[in-house]
1. What net charge do the residues around THR45 carry, taking every other residue with its C-beta under 12 Å from that of THR45, with Lys and Arg at +1 and Asp and Glu at -1?
2. Could you work out how far the C-alpha centroid of the range 47-92 sits from that of the range 158-210, in angstrom?
3. What residues have an amide H closer than 5 Å to that of THR256, excluding those fewer than 5 places away on the same chain, when H is modeled at 1.01 Å from N in the peptide plane?
4. Give the accessible area for HIS352 in Å² (nearest 10); use a 1.4 Å probe, count only protein heavy atoms, and leave out ligands, DNA and RNA.
5. What are the DSSP H helices in the chain that stretch 24 Å or more along their long axis, judged by alpha-carbon atoms, and whose average Kyte-Doolittle hydropathy comes to at least -1.0?
6. Please work out the Cα center distance from the range 1-40 to the range 227-256, rounded to the nearest Å.
7. Helix-only estimate, please: 222 nm mean residue ellipticity of the chain, summing -39500 (n - 2.57) across DSSP H runs of length 4 or more and dividing by its residues, to the nearest 500.
8. If a/c stays under 1.5 just call it rounded; otherwise compare a/b with b/c (prolate if a/b is bigger, oblate if not). Do that for the chain, with a ≥ b ≥ c from the square roots of the Cα gyration tensor eigenvalues.
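The values are calculated or read from the model by the stated rules, or taken from the named source; none is laboratory data. The structure presented is a predicted model; accordingly, all values stated were derived computationally and were not measured. With ideal geometry, Cβ positions are generated from the backbone for all residues, glycine too; neighbour counts draw on all protein chains shown. Note: accessible area is taken over every heavy atom of the protein model, side chains too, but ligands, DNA and RNA are not part of it. Shrake-Rupley method; radii C 1.70, N 1.55, O 1.52, S 1.80 Å.
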Amino acid sequence: MLNTPRSRRCMVTAPHHLASQAGLSVLREGGTAIEAVVAMAATLTVVYPHMTGIGGDGFWLVAAPGAAPVAISAAGPAGSLASPALYRDAGHSTIPWRGPLAANTVAAAVEGWRAALDVSAAWGGRLPLGRLFEEAIAHAEDGYVVTRSQHETTTAKLDGLRDQPGFAETFLDRGAVPAVGAVLKRPAIAATLRRLAEAGLDDFYRGRLATGIAADLARLGAPVTAGDLAAYRAWTGAPLSVRVGGATLYNQPPPTQGVASLLILALFDRLGVTAAEGFEHIHGLVEATKQAFLLRDRHVGDPAAMTVAPGDLLAPEVLDRLAARIDPARALPWPAPPSAGDTTWMGAVDRHGAVASYIQSIYFEFGSGLVLPESGLNWQNRGCSFALDGAGPRVLAPGRLPFHTLNPALARFDDGRTMVYGTMGGEGQPQTQAAVFSRYAFFGQELQQAVTAPRWLLGRTWGEDSVSLKLESRVPAEVVAALRAAGHAVELTADFTETMGHAGALVRHADGVIEGATDPRSDGAVAAW
């Protein structure tokens, strides 16, 4: 039997148990949900470096009791030197996945922390940065224990990473992949976090730290300049939303695929499915995913270059039209262009009932593979999602925002519950969100069961081009057979696989009871008081 942890005061969940503990310690000291998440994000930067880091981007959904949810978008734009001509002159027909030319966008996560902490201050947040970074710095200086996830990811991707500047010195042990249980220290990232605690987060973009970051990027040949860093500001505004039975769902606006996450659940809600885990459940969500992805890929990118308002994609008449295209018995022929990515989601509920849903990413595992020598930052490769040819909002241009798979989720139920949930997993993020939410909200499953139950992924896995429908092998054989008979190209994976992401969820009930779930596919934990 799967038990869902519950408490009355506060709760966090993150994909590494040390991050969860860091967040809970902040909440126990009276910190806000946002402060707890910043502490967790800093800790994950150290102990889960293959999945996330402050050389990447981040997105927030936060809400105080009785107040409208707020979205914070920390998506770094393309550098001023990043243009299609730069890559063509270097002999590239596409943007490389690794190396200096892959490090072509501003790392925006720290500026997102600043914007979120401004909201936190309005909630009464008071803890200094030194306290929020305390445990992350300790793990970086004293050493952290390498997880199986880091070991296996490093082993699988080593050929593309070992020769990238700074990678071997930072993430290998005398040239070899660190074993599970080995201890790694990261003194450079500890010094960077100390500097941010002392000088403030703005130092990353417009201070001494920014000067060193820009110098390292220039020396290594990345097309992001000091001016690009200095000009960057996070965006704060209203999230997208849509109604489903008994709840309002919230997600990030473009350049993320948040609209796709909302579309999937809104379309599925129109199909009239009455039970979880059977053919109708999985087929319905997969077919809703196809309709959502087709719309997403046609329209979503840098919002400044889009030709349709994101909210218009969620209009009831659009949803009705798309739902009518779903055949309840047959699969729509696939594929569509796939995306990949590595990410961490984390959530917090504080003692006042405020919530934070946050996702932070360096895109591919270890990002560009580039590690800046002075700051110890492994820089993201999010700009690989740009195209070099054609037209539309995803074509590379200096200052343009790349398309993002990242999308933290939040839901408010008509009965007073508030839910924050999310996952890593690139193309799988909206699909896992739909699986978890539908199981819990539509079909009444326990929250931990909704996260643990077998999942699926339509599209590619990390670093692969396969676009089949992948199912964890715990899916009943009769359901697998029915899906194949309906025309789905099914592949079975292991019983539990990281391919399906590292999901988590928290729910605060109207009476103050909080419940949480973490993913057995991760190294995570729920921590509560």
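1. Details: positive: ARG186; negative: GLU135.
Surrounding charge for THR45 is 0.
2. Distance between centres, Cα-based: 19 Å.
3. HIS404
4. It works out to around 120 Å².
5. On the way: long enough: 279-299 (30 Å, -0.40).
Counting only whole DSSP H runs, the qualifying helices are 279-299.
6. Using only Cα atoms, the two centres lie 23 Å from each other.
7. On the way: 18 runs with 181 residues, N = 529.
Taken over the chain, the calculation gives -10000 deg cm²/dmol.
8. Numbers: a/c = 1.45, a/b = 1.21, b/c = 1.20.
Here the chain falls in the rounded category.
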